[in-house]
Amino acid sequence: MANGSALGPMGAGEIIESVIAKGDLAKLTSDERTRYYIEVCKSVGVNPLTKPFDYIMLEGRLTLYARKDCTDQLRKINRISIEIVSRELADDLYTVHVRATDKDGRQDEDCGAVMMVYPEKMRGREGWTVHPKAGKPLKGVDRANAIMKAVTKAKRRVTLSISGLGFPDESELEDMAIETAEPKKAEAVTPVKSGERKPLPPLIVKKAEAASDAEPEAEAAAEPEAPEAADDPQAADDVDDRIVADFEKALAACRSVSGLNAVCRDYATAYEAMDEERKARMTAAKERAAKRLAAKAKPQAEAEAVE
């Protein structure tokens, strides 16, 4: 090949020139987009085989956005450490402020924010529809997930910023989709004649049939909804404490090492979002559970050896 490139004669300079001239990745050929993708990966040091970026249409133009694999690799390559500076709940907006420091000691700051109320639109099996709880405060697991999402957004945004990348992050795409989505219009209501019973929608009928076949104990065994956290600065800490308590209960119920590992995997994201004190509590709970299971397994192993 003319310039030794494994992808063809077009050089990095020509690729950038083509992107600038056309202003839209959709206008590039498939080969040009592939070359551009690989050159971007090379420029920041990430592995293109792990698909660190993906394509998305924003404002009518095809562009790249950074996936989780990208920010994870950037933190490792540049030895980026992240510190949570503050968490604030103001009105219905929860904001996490973080500070990043790279291997050269350079620092950068950014924040991640989420609304603590249910959105106006939701995505279902039939596309976007109006959310039945729109505008109401988030509760239970939804509230906890929103808090962890704010931490994740802040960490990824500051990672991209300190690495010199202006690409949108994967965690922001859902919010963009909600902003641009058009909810499905409600179907016209057909008048029901006097004495005639209006048929139920198919989905309601399926749910009713499934509920009638379920065991009576299933409803009683359902996990109770977590109480709503108070709308004050202490709300985040209350939710974090609840998550740690649930983690400790889950570990206490484990009857095998595989079960313990499964619980730890389920709470891995929550663990990363915790402060040092709560991380220590979760680590200690894991160690206690591991010792309990090891002590339980030892007599069983001895008994099997005797037999």
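What's the total number of residues in the stretch 58-68 that are in contact with a helix residue (DSSP H, G or I) (Cβ under 8 Å, 6 or more places away or on another chain) and open to solvent by 60 Å² or more (accessible area, probe 1.4 Å)? Let's see the steps before the verdict.
Of the residues in the stretch 58-68, the ones in contact with a helix residue (DSSP H, G or I) (Cβ under 8 Å, 6 or more places away or on another chain) are 58, 61-68.
Imposing the further condition that a residue be open to solvent by 60 Å² or more (accessible area, probe 1.4 Å) reduces the set to 61, 68.
Of the residues in that region, 2 qualify.
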Notebook entry, point to check: Looking at (1) among the aliphatic types (A, V, I, L, M); (2) modelled with pLDDT of 70 or more; (3) out of contact with any Asp or Glu (no Cβ under 6 Å at 6 or more places or on another chain), can you tell me which one I80 breaks?
Noted result: (3)
Checklist line | Elements of type strands (runs of 3 or more DSSP E) in the stretch 87-136, at least 1 residues being at pLDDT 90 or above, closer than 18 Å to A273 by Cα and out of contact with any Gly (no Cβ under 8 Å at 6 or more places or on another chain) | finding: 93-101, 107-115
Margin query: Let me spell it out: the conditions are (1) exposed (fewer than 13 other Cβ atoms within 10 Å of the Cβ); (2) modelled with pLDDT of 85 or more, and S258 meets all of them except one. Which number is the exception?
Written below: (2)
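Given the condition assigned to a strand (DSSP E or B), open to solvent by 50 Å² or more (accessible area, probe 1.4 Å) and hydroxyl-bearing (S, T, Y), answer yes or no: does some residue in the stretch 27-48 qualify?
Taking the stretch 27-48 and keeping what is assigned to a strand (DSSP E or B), we get none.
No: the stretch 27-48 contains no residue that is assigned to a strand (DSSP E or B), open to solvent by 50 Å² or more (accessible area, probe 1.4 Å) and hydroxyl-bearing (S, T, Y).
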Item checked: Conditions (1) among the aliphatic types (A, V, I, L, M); (2) part of a helix (DSSP H, G or I); (3) farther than 29 Å from A273 by Cβ: number failed by L74 -> (3)
Notebook entry, point to check: Which of the residues spanning the stretch 92-124 are touching a residue at least 12 places away in the same chain (Cβ under 8 Å) and charged (D, E, K, R)?
Noted result: D92, R99, D102, K103, R106, D108, E109, D110, E120, K121, R123
Check: Which residues, taken from the stretch 77-106, are surrounded by 13 or more Cβ atoms within 10 Å (Cβ to Cβ) and not β-branched (V, I, T)?
Finding: N78, R87, E88, L89, D92, L93, Y94, H97, R99, A100, D102
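The values are calculated or read from the model by the stated rules, or taken from the named source; none is laboratory data. All figures in this text were calculated on a predicted structure; none of them were measured in a lab. Please note: Cβ atoms are built from the backbone with ideal geometry, for glycine as well, and neighbour counts cover all protein chains shown. Note: areas computed on protein heavy atoms with side chains; ligands, DNA, RNA excluded. Shrake-Rupley method; radii C 1.70, N 1.55, O 1.52, S 1.80 Å.
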